[in-house]
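**Student:** Handing you a structure now.
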Amino acid sequence: MTMYGLRTRHPVTGAVLSDPTTGLTRVVGSVYVPPNSAGSMNIPAFTSGTPFAVGYAGGVPNIETSQTYPIHSISGTTLSWNSAPLATTIVYGVYAGATAGKTGSGAAGVRFYNQNFATQIDSFYVNHCVLTSGAVNLPANGTLSVTISATSPLVAYRGTYVVTVLQQVKNANGTWTLTIGSGPYGAVGTYYIFDVTSAASQQFATPVGLRIRNPTSGAVVFDSRMKYMRVVQIADNAADGGVPMNLYTTPLGRDGLAAIVDPGLWFNMTTRQGEDQSGNPVFTDVYSPYFVGAGVNGTTLTEGSISVGSESPVIPGNSQTGQTILVDVTNY
């Protein structure tokens with residue numbers, strides 16, 4: 001089969017990093033949502049591919065003090081979120097899938113299409129790529145904190161069982177601290193933190209390969225040495241957060257998948273039995289908040305619930321489903 005477009009290889013190993021079959025993400029932007037602030041944005045670029053939005057909590061939810069974080073949703077070209085006591089940062093964009101048409105955000109500069117004539121790269125796009133990676137070896141309900149210099153970080157995980165991002169905090173010095181948490185079975189695998197090219201490309205000391213800059217700002221929007229976020233599928237999270245799903249079978253030579261989970265926010269209800277002063281039975285409904293965690297082992301994407309905060313008789317607000325983005329990390 002003849003393919004047209006750009007193919008990039010690792011400068012040392014020669015491994016293919018991207019080619020015309022790759023669904024690269026386009027990061028359109030991010031929005032910081034302060035506490036108690038509902039709002040919405042019109043994102044015309046959502047029509048240029050499959051839209052996504054990922055938001056991590058700025059703190060750990062607590063039902064008793066109504067500490068939840070904003071629920072966000074996409075409808076057409078509108079990204080909206082509700083008011084909540086905890087802050088969040090929502091990263092939003094699109095990825096060029098198999099059916100997207102020709103799209104572009106500028107009339108000048110360079111532009112590359114994939115084999116389905118969807119724009120993968122142009123001089124105005126901002127693409128996510130690997131900023132750093134590391135080992136995950138967590139016990140049941142364990143946590144791992146990673147502090148990085150980043151702009152719009154997203155966390156992917158490949159390994160046993162599931163993890164989620166419990167919270168994301170922007171520090172006073174401009175760095176981010178991401179707290180990764182496991183569920184009741186622990187987790188062993190690898191995390192990958194993706195960020196925009198302009199931040200990740202600073203790790204290279206020598207200018208070898210193809211580098212594309214935004215003609216207006218001068219920011220690096222593509223660097224052929226980077227390991228880009230190659231999206232193969234986006235799926236809504238399961239409401240019960242626990243059923244293994246084989247959502248994708250890797251093509252020949254693509255044997256490494258990882259999951260980026262937008263954790264959402266769900267609540268389990270449990271009925272507790274007690275007694276009043278007269279010894280009569282008393283039944284009380286209590287609610288426990290949880291995030292959806294995700295992980296990929298082989299070609300199977302598994303989702304599971306990860307408890308956050310403590311149970312309370314206070315009736316919680318709305319739930320949020322969230323999404324899982326399946327990415328190809330072969331050779332990464």
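**Student:** Among the candidates Thr65, Thr2, Thr47, Thr8, which residue alone is within 22 Å of Val221 (Cα to Cα) and at pLDDT below 80?
**Tutor:** Sole residue among the options that is within 22 Å of Val221 (Cα to Cα) and at pLDDT below 80: Thr8.
**Student:** Does Ser145 satisfy the condition of being modelled with pLDDT under 85 and over 14 Å from Val261 (Cβ atoms)? So that I can check it myself, show each step before the final result.
**Tutor:** Numbers: modelled with pLDDT under 85: no; over 14 Å from Val261 (Cβ atoms): yes.
No.
Residue-wise test of (1) at pLDDT 75 or above; (2) not in a strand (DSSP E or B).
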| position | (1), (2) |
| --- | --- |
| Gln233 | yes, no |
| Asp240 | no, yes |
| Val243 | no, yes |
| Ala258 | yes, no |
| Pro263 | yes, yes |
| Met269 | no, no |
| Arg272 | no, no |
| Gly293 | yes, no |
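**Student:** Which condition number in (1) within 15 Å of Ala84 (Cβ to Cβ); (2) at pLDDT 75 or above; (3) touching an Asp or Glu at 6+ places or on another chain (Cβ under 8 Å) is the one that Tyr287 fails?
**Tutor:** So the condition that Tyr287 fails would be (1).
**Student:** Sticking with this structure for a sec: Please go through (1) assigned to a loop (DSSP other than H, G, I, E, B); (2) under 18 Å from the mean Cα position of the chain (by Cα) for Tyr191 and return the number of the only condition it doesn't satisfy.
**Tutor:** In the conditions (1) assigned to a loop (DSSP other than H, G, I, E, B); (2) under 18 Å from the mean Cα position of the chain (by Cα), Tyr191 misses (1) alone.
The values are calculated or read from the model by the stated rules, or taken from the named source; none is laboratory data. For clarity, every value in this text was computed on a predicted model and none was experimentally measured. Glycine gets a Cβ as well: all are built from the backbone with ideal geometry, and neighbour counts include every protein chain shown.
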